[in-house]
Amino acid sequence: MTEPTDVAASESVETPRSFFERPGVQVETIHVGPGVRLGVERVSNPAVGIGGAYGTWGEPCPNEELTQAVESVLGHPLESSPLNVGEFGFFYRHHVPDMSDEEHIELEVAAGERFLTEAIHAAGWEPGEVDALLVGITTPACPDYVERIAARAGLPERSLKVSIHKACDGSVAALNLALNPELAAGGSHANLARELRGKKVVIGGIEGLSRVMRETHDAQALQLFGNGAGLFCLIPGETMQFIAGSHQEVYDEEGLLQVRMTYPHSRSALLEVQETGEHSLRFAGLQHEPAPDAGPVVMAGPMGMVKLFVRNGVSAVRSAYGAYRERVSIPGKDIAVAIVHHANLKINQLKWKQLQKEGISLPMPWLLNEFGNVSAASAMIAFLRKLRELKTGDHVLFDGFGAGSYYDVVAVEIGRK
């Protein structure tokens, strides 16, 4: 099967066009602060009954301008050589200017509304038809972010709004919650998959990480992370069917990837489920937080990320794929594509090689050159970039993992039943 493509083996590789220059991308300006560019691309596959939208906002920062941009935020020269971010699979990341807290909130709500509206229309739906919205967000600009974008986009008050704060794993965790009948929810919602079966559901990830990066002191994080969003529409049990899934929570005792929580959490449990309103839920994952004066994100070096994510990530895939093989007995039938969180190319290559050693061969394409690490948005963007190629009956494996640390893997069948 296919190893994640090494799109950037050296700095001599020609830089691709920025996302805003991509054919089919609608570019506009959000009139907040000095004005911020937003690009969105609609994607639909009527044959399988799924549509969505993805994109980003802010100015693209290419690799050749990255050192200057990072030093501008830090206020001093880099203390070590910059990362060869091309080798990590990234050629751009998108940044917003300095703004007030209120302007950041307005910007991200406006961006979220646009992506949500475009995703709904790509599916041929109207906002008033949506029964549930589940969004993964690492560090929301405000605690009620999902409720705000739902209201602005015109979703009915009765629609279920679910915020999932499990860092980069958030969007795949959302998909697992929406499809997996074996996964408990919380509060008055015993199982979301049973509750949402046959209903119109939007799943996605929206990440305004450049807002967070304006406050960090971590040069590595500044070189990797940026803004991005991806959402798609499905009807559980009709246009997408659950086959198998797994989830794991393994607390990051060593603090290899520390993240400041901007959402309520008691800090007395790893994963909390909070009913925040009559039609609202929050899944809040505990993070190993940085020291008070250390900024919002502190990362270990590249090998620290490998240590944190590869072993546990392989374990989560092994569990889900084992269950998948037990439930799918059609000769020759296997996973058509694995949609994996794009933390960086090196991590995904090492996961692929380790899975190969265990006899698990999965095609894991690298699809996000123009975005940087966009956390919970990355798997959704990757899926939408493959959506047009998928056929009814194809099996897709979603693989999410994120700081905390959290792991969700879901195998599904695509297409109308």
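Here G304 passes the criteria (1) under 30 Å from V85 (Cβ atoms); (2) surrounded by 18 or more Cβ atoms within 10 Å (Cβ to Cβ) except the one numbered (2). Put simply, of G237, G205, G198 the only residue that is crowded, with 24+ Cβ neighbours inside 10 Å and under 21 Å from V172 (Cα atoms) is G205. Just one of the listed residues (A173, A167, A150) is on the phi < 0 side of the Ramachandran plot, among the aliphatic types (A, V, I, L, M), in contact with a Ser or Thr (Cβ under 8 Å, 6 or more places away or on another chain) and crowded, with 24+ Cβ neighbours inside 10 Å, namely A150. Within the stretch 343-364, the set of residues being more than 21 Å from D252 (Cα to Cα), of a type outside the set (D, E, K, R) and either within 20 Å of the chain's Cα centre (by Cα) or assigned to a loop (DSSP other than H, G, I, E, B) (or both) comprises L345, Q349, W352, G359, I360, S361, L362, P363, M364. Scanning for something of a type in the set (K, R) and over 18 Å from V40 (Cβ atoms), does the stretch 137-154 turn up at least one residue? Yes, that holds for at least one residue. Does at least one position in the stretch 257-280 carry a residue that is touching a residue at least 40 places away in the same chain (Cβ under 8 Å), in contact with an Asp or Glu (Cβ under 8 Å, 6 or more places away or on another chain), closer than 30 Å to C142 by Cβ and among the charged types (D, E, K, R)? For the stretch 257-280, residues touching a residue at least 40 places away in the same chain (Cβ under 8 Å), in contact with an Asp or Glu (Cβ under 8 Å, 6 or more places away or on another chain), closer than 30 Å to C142 by Cβ and among the charged types (D, E, K, R): present. Could you look through the stretch 226-275, keep only residues that are among the polar types (S, T, N, Q), under 20 Å from the mean Cα position of the chain (by Cα) and assigned to a strand (DSSP E or B), and pick out the one that is farthest from V310 (Cα to Cα)? So, considering only residues that are among the polar types (S, T, N, Q), under 20 Å from the mean Cα position of the chain (by Cα) and assigned to a strand (DSSP E or B), the one farthest from V310 (Cα to Cα) is N227.
Restricting attention to the stretch 20-47, and to residues there that are under 22 Å from the mean Cα position of the chain (by Cα) and among the β-branched types (V, I, T), which single residue is nearest to E413 (Cα to Cα)? So, considering only residues that are under 22 Å from the mean Cα position of the chain (by Cα) and among the β-branched types (V, I, T), the one nearest to E413 (Cα to Cα) is V43. Listed by first and then second residue, the pairs with beta-carbon distance under 6 Å, at least 6 apart or on different chains, first residue in the stretch 133-162 and closer than 15 Å to L231 by Cα, second in a strand (DSSP E or B) and hydroxyl-bearing (S, T, Y), are V146/S163; K161/S280. Out of A320, A411, one residue alone is of a type in the set (A, V, I, L, M), modelled with pLDDT of 95 or more and within 22 Å of G52 (Cα to Cα). It is A411.
Annotation note: Cβ proximity below 7 Å between a residue of the stretch 288-309 that is closer than 13 Å to A343 by Cα and modelled with pLDDT of 90 or more and a residue that is assigned to a helix (DSSP H, G or I) and small (G, A, S) (sequence gap 6+ or interchain) occurs for M299/A221. Of the strands (runs of 3 or more DSSP E) lying entirely inside the stretch 1-78, those containing at least 3 residues that are modelled with pLDDT of 95 or more and in contact with a helix residue (DSSP H, G or I) (Cβ under 7 Å, 6 or more places away or on another chain) are 36-45, 50-57. When residues in the stretch 345-364 are screened for being surrounded by fewer than 23 Cβ atoms within 10 Å (Cβ to Cβ) and either polar (S, T, N, Q) or within 17 Å of V172 (Cα to Cα) (or both), 4 of them pass.
So is A221 surrounded by fewer than 24 Cβ atoms within 10 Å (Cβ to Cβ), of a type in the set (G, A, S) and not in a loop (DSSP other than H, G, I, E, B) or not?
Considered against the rule, which asks whether it is surrounded by fewer than 24 Cβ atoms within 10 Å (Cβ to Cβ), of a type in the set (G, A, S) and not in a loop (DSSP other than H, G, I, E, B), A221 comes out as yes.
Sub-8 Å Cβ pairs linking a first residue in the stretch 34-53 that is without any contact (Cβ under 8 Å) to a residue 60 or more places away in the chain to a second residue that is surrounded by fewer than 18 Cβ atoms within 10 Å (Cβ to Cβ) and hydroxyl-bearing (S, T, Y), at least 6 apart or interchain, are G35/T29; R37/T29, ordered by first then second residue.
The values are calculated or read from the model by the stated rules, or taken from the named source; none is laboratory data. The shown structure was predicted, so the numbers you read here are calculated from the model rather than taken from an experiment. Methodologically, a virtual Cβ is constructed for each residue, glycine included, from the backbone with ideal geometry; neighbour enumeration extends over all protein chains shown.
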